[in-house]
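The structure under discussion appears below in the form of structure tokens.
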Amino acid sequence: MDLKLNYFLKRSSANGPGIRAVIWTQGCLQNCPGCCNPQTHPMHQGYRMSVTKLMQEIMRLGSDIEGITISGGEPFLQAEALNCLLLEIKQTTLLSVLIFSGYEKTLLDTVPLYRACLKNTDVLISGPYQKDVQPDYNQFCASGNQKLFLLSSRYQKEDFNNLMTNEIFIQENGTIIMSGLGRIEGIQ
Ligand code: SF4
């Protein structure tokens, strides 16, 4: 089974507690004004990677990372493959899983496949980005309408206070990668 990805970042300090690998899924239909990841919206862009290959990439990182953050795009648009990936992560590693979703948790709770995904998720940050609502960095939310849900005992709310919210990488090929919660003025 394949996931359609926008990007896979092997090490990040600005996408949740500790050092994490980050998977940006491709495709989102919400079109939130001010979204900082518009390149992840078109369903026809991105690239495919099998869950098996993605797991191989994750396993190669070994103890370099504390967990996986899955963002987008909207990860739950690919819920079947997402569920397979989450099962694999939880059955074969001790990595934590944090998911950002533009869907409200009340909606996610109504769909059996979404609920199955959440069973193997430690932390959910849910709700659409609203550019006119101030960020809530104590809950690691880019806009304060979003909500942090601790779905396992892996983390406490305090673990999300004052985390790094932005980072910039320059790759070997010169590509500049920005990641994290906050918008960086002057750079798009
Ligand atoms: S749900 Fe997330 S990725 Fe989709 S438009 Fe809103 S902020 Fe952007």
- For Thr110, indicate whether it is among the β-branched types (Val, Ile, Thr), out of contact with any Cys (no Cβ under 6 Å at 6 or more places or on another chain) and closer than 22 Å to Gln26 by Cα. no
- Item | Residue check for Leu150: without any contact (Cβ under 8 Å) to a residue 40 or more places away in the chain and in contact with a helix residue (DSSP H, G or I) (Cβ under 8 Å, 6 or more places away or on another chain) | yes
- Candidates Thr69, Thr52, filtered to the one that is hydroxyl-bearing (Ser, Thr, Tyr), modelled with pLDDT of 95 or more and surrounded by 14 or more Cβ atoms within 10 Å (Cβ to Cβ): Thr69
- Query: Quick one: in the range 87-118, which of the residues that are without any contact (Cβ under 8 Å) to a residue 12 or more places away in the chain and more than 16 Å from the ligand (Cβ to nearest atom) is farthest from Ser63 (Cα to Cα)?
  - Reply: Thr110
- Query: Is there a residue in the range 121-136 that is within 16 Å of Glu74 (Cβ to Cβ), surrounded by 13 or more Cβ atoms within 10 Å (Cβ to Cβ) and hydrophobic (A, V, I, L, M, F, W, C)?
  - Reply: yes
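Return the residues of the range 30-86 that are touching a Pro at 6+ places or on another chain (Cβ under 7 Å), within 16 Å of the ligand (Cβ to nearest atom) and assigned to a loop (DSSP other than H, G, I, E, B); say none if nothing qualifies.
Gln30, Cys32
The values are calculated or read from the model by the stated rules, or taken from the named source; none is laboratory data. This is a predicted model, so every value here is computed, not measured. Positions of Cβ are backbone-derived with ideal geometry, glycine not excepted, and every protein chain shown enters the neighbour counts.
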